[in-house]
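Below is one structure, written out as C-alpha cells, with a few remarks after it.
Just so it is clear, none of the values below were taken in a lab; they were calculated from the coordinates. Predicted model only: the values in this text are computed from it and were never measured. Neighbour counts run over all protein chains shown; Cβ positions are idealised from the backbone, glycine included.
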Amino acid sequence: MGPKGEETYPQSKAQTELNTGPIPIYEEKQERNRGKFGHEFLEFEFRPDGKLRYANNSNYKNDTMIRKEVFVSRAVLREARRIIQESDIMKEDDRNWPEPNYIGRQELEIVMGNEHISFTTSKIGSLVDVEGSRDPEGLRIFYYLVQDLKCFVFSLISLHFKVKPIQS
C-alpha cells in the first residue's frame, strides 16, 4: 500500500530535475493507467545537466514503448522552472483530491530550494473530473500545470526528433 493507503503499482516514474542556478527544482510527473490496453504510462525528466528524458508506454495496437533523450539549453530549463513557479502549485495540498483508483494515478513531485512537495491523485480525464472534486481550485491548478508541462515536453521532443527538417 502507498502513503494514502492506495494500491501500489510496479515501479514506473517520471522525474523532472531542473537545476537552473541557485534554486534547484525537481519535478516528478507520472501518469499511469491500467486499462483495456494494459499498463500505460507517460513520464519525463529534466536533469540538471540539461538532459530531457521522455518515455511513453502505450499498448494500443501492440505499440512499443517510446523512449527519447535530448539535451536542452539552460533557457529551456529556466522556462520549465518559470511554468512551475507561476502555477502556484507549491501553495496547494492534495488532501481533498480524489484518491488513485483502478483508472489510474497521476503524481507530481517538486523540490524548489528548501521546499519539497508531492502530489498524488487519480487520473484526470477532463475538467469535469476537476469540478466534481472537493478541492476544484487546487486540482485545477494541478491539472493545468500538468497539461502545460506535457505540451512543453511534447514540443521539445517533436522539434528535436523531426523526421523531415523544414527546408528553407
Within segment 56-125, DSSP-loop chymotrypsin sites (Phe, Trp or Tyr not before Pro) with at most 11 other C-beta atoms within 10 Å are Y102
For segment 40-138, listing trypsin sites (Lys or Arg not before Pro) in a DSSP loop whose Cβ sees at most 13 other Cβ atoms within 10 Å gives R95, R134
Too long for a 21 Å Cα-Cα cut-off, among K51/K162; K51/K123; K51/K91, are K51/K123; K51/K91
